[in-house]
Amino acid sequence: MMVKKINDIFYPDVERVILIADQLNTHSKSSFYEAYPPETAYRLAQKFEFRYTPKHGSWLNIAECELSSLALQALGNSVGLLNEILHDWQTDRNSRQKGVNWQFTSDDARIKLHRLYPKLIFT
């Protein structure tokens with residue numbers, strides 16, 4: 001909602017708006033399609049450009065460092081064992097050729113999966 005307000009009220013006449021964001025997966029043009037009807041989302045996606053902060057400066061990097069530390073502690077500081085487990089898992093998943101079989105359209109997904117979308121606090 002805030003992005004639409006920025007577009008419609010604060011900068012209606014500019015060609016492009018650059019947003020500075022961290023590496024969070026919701027900070028992308030695809031999130032417009034979760035929050036707005038397709039026509040509005042497309043219009044906003046054409047106008048807004050995302051510039052991301054460096055990964056080493058984001059909270060996500062901190063979380064990844066913590067998970068890495070946890071994995072190393074849980075495996076007795078054995079990076080080799082961790083790599084072996086991950087390799088076996090990857091080989092198994094790839095051999096199974098798991099995929100996604102979409103059974104409904106994007107419009108149906110927006111209705112059926114509305115509870116999974118983030119709740120926007122800006123109006």
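Things to note:
- For A21, the residues 5 or more places off, or on other chains, whose built amide H falls under 5 Å of its own are R51, Y52, T53.
- Sites Y52 and F10 - FRET efficiency at Förster radius 22 Å, r taken between beta-carbons, to 0.05: 0.50
- Förster radius 30 Å - calculated FRET efficiency between D88 and V17, Cβ distance, rounded to 0.05: 0.05
- 5 angstrom amide H check on F48, placed H, neighbours 5+ away: V17
- Full extension of the chain between S30 and S95 yields a length gain of 20.4 nm, computed as 0.36 nm times the residue separation minus the alpha carbon distance.
Where a number appears in this text, it was derived from the coordinates with a stated rule and is not lab data. Just so it is clear, the model here is predicted, and its values are computed rather than measured. Backbone-built Cβ (ideal geometry, glycine too); neighbour counts: all protein chains shown.
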